[in-house]
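The values are calculated or read from the model by the stated rules, or taken from the named source; none is laboratory data. Only a predicted model underlies this, so the values are computations on that prediction, with no experimental measurement involved. For neighbour counting, all protein chains shown are included, and Cβ atoms are generated from backbone atoms with ideal geometry for every residue, glycine included.
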Amino acid sequence: MKTVLSMPTHQISVLLKYCLSQEKDPLLTHALTQHGILSPLHIAIYKETPLLIDGFKRLYWAQQQNMTKVPACTHPCQTPKELFQLIHALKSKQIQNPIIQALLLQTLGREHSPLLTQETHPLSSNTQNLETSSQKKSYFHNLKKLSQLSPNILHFCREKKFSFTHCKKIITFKKSTLEQLIALNPQLQWTASNFILAASYIEQSKQHTVSITDELKDILTNNPQLASQNKRLQNAFLEKLKMNAKPTLHYYHKEIKRQIHALNLPKNIDLIWDKSLETHALTLQIHTHKKNMLSDTLNSVNTTQLTKIDRLLDML
């Protein structure tokens, strides 16, 4: 049985400050006000630093009440693996969240990287419902990429309650794009879907001649009535970004390849286009090495496919 100590609040290192949730929890607040802290906090002594693992809201309440000491159980941990095993054993609901896991892994530095490749990772409670090893591998791959984002972005995702699905989309965007949009949060109060839409519009653009903040100011100047209607303001801002977005060459090439693949042309037919898109033309190449192969190939291409090839020219 662990000994309960009385630990000074100022000595407890709260690396996961976002867990000190200021969300209202009337039942917990009432219980703490009536009876005080009955259940001790759990603190890992990691590299001689007291690191809070469980009891974030209780510590926050204690700080609000100007308490100098709180009851706590301490757990010595020498390695990141031991620390993760402790977290898993305590089943802290806060730290089972992938965003919080990413922040914790980020805080610990590169030492955690080898653990992320293991399917038996101590934080793998989230993967118990994943049926295949490839699904688990994907989970840890995305978790590792998530931990490479800046703390500012991760705190924003946590605050907005972004799901892991949203986060998997977010890690595909540039950090600078995400930071730009987070900076606009006080005005727009992003929803997850609109945040992702805005990021995609920005990254489709080759170059923004006007800053994103100026775009928003322009909308508010011309439509002052939108300022008090957040949803309409978001939609107006997205429309503005969409109109100004200029698809990159990479986007065009990706779309052309996708449409060519969807044509299901014979394997010996290649469609070639100018990669600079300066020449608006398609070249049809047919590879033949047998007699009558050319005529057979041409006969195998139907009218629908030819029509779709014509439509490709509209993109060039």
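Quick notes
- The set of residues in the range 222-243 being of a type in the set (A, V, I, L, M, F, W, C) and surrounded by 12 or more Cβ atoms within 10 Å (Cβ to Cβ) consists of L226, A227, L233, A236, F237, L238, L241.
- Selection status of S200, surrounded by 11 or more Cβ atoms within 10 Å (Cβ to Cβ), under 29 Å from I170 (Cα atoms), touching a residue at least 40 places away in the same chain (Cβ under 8 Å) and out of contact with any helix residue (DSSP H, G or I) (no Cβ under 6 Å at 6 or more places or on another chain): no
- Among residues of the range 96-112 that are farther than 15 Å from H166 by Cβ and assigned to a helix (DSSP H, G or I), those with a beta-carbon under 9 Å from a residue that is aromatic (F, W, Y) and modelled with pLDDT of 75 or more at least six positions away or on a different chain give the pairs L108/Y46.
- Inspection of the range 130-144 identifies at least one residue that is in a loop (DSSP other than H, G, I, E, B), modelled with pLDDT under 70, among the β-branched types (V, I, T) and on the phi < 0 side of the Ramachandran plot.
- Residues of the range 43-71 satisfying the condition of being within 21 Å of I100 (Cα to Cα), in contact with a strand residue (DSSP E or B) (Cβ under 9 Å, 6 or more places away or on another chain) and surrounded by fewer than 20 Cβ atoms within 10 Å (Cβ to Cβ): I45, K47, T49, P50
- Pairs are defined by a Cβ separation below 8 Å, a sequence spacing of at least 6 or placement on different chains, a first member in the range 41-65 that is within 15 Å of D25 (Cβ to Cβ), and a second member that is in a loop (DSSP other than H, G, I, E, B) and among the acidic types (D, E); the pairs so defined are K57/D25.
- Selected residue (criterion: modelled with the lowest pLDDT) from residues of the range 50-98 that are β-branched (V, I, T) and under 26 Å from F156 (Cβ atoms): I95
Rundown of residues vs (1) assigned to a helix (DSSP H, G or I); (2) among the small types (G, A, S); (3) within 30 Å of L306 (Cβ to Cβ), yes/no style:
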residue: F162; (1), (2), (3): no, no, no
residue: T177; (1), (2), (3): yes, no, no
residue: F195; (1), (2), (3): yes, no, no
residue: E215; (1), (2), (3): yes, no, no
residue: M243; (1), (2), (3): yes, no, no
residue: K257; (1), (2), (3): yes, no, yes
residue: A262; (1), (2), (3): yes, yes, yes
residue: P266; (1), (2), (3): no, no, yes
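- Output for the range 1-49, where each listed residue is closer than 19 Å to E82 by Cα, at pLDDT 75 or above and outside any loop (DSSP other than H, G, I, E, B): L41, H42, I43, A44, I45, Y46, T49
- Test: residue in the range 280-297 that is within 30 Å of S176 (Cβ to Cβ), in contact (Cβ under 8 Å) with a residue 24 or more places away in the chain and hydrophobic (A, V, I, L, M, F, W, C): no
- Picking from residues in the range 179-193 that are part of a helix (DSSP H, G or I) and of a type in the set (S, T, N, Q), the one that is nearest to A227 (Cα to Cα) is Q187.
- Extreme residue, surrounded by the most Cβ atoms within 10 Å (Cβ to Cβ), among residues of the range 260-287 that are within 17 Å of T303 (Cβ to Cβ) and not hydrophobic (A, V, I, L, M, F, W, C): P266
- Qualifying position, being surrounded by 12 or more Cβ atoms within 10 Å (Cβ to Cβ) and among the charged types (D, E, K, R), among K246, K290, K217: K217
- Any hit, the range 281-296, residues being in a loop (DSSP other than H, G, I, E, B), at positive phi and under 39 Å from the mean Cα position of the chain (by Cα): no
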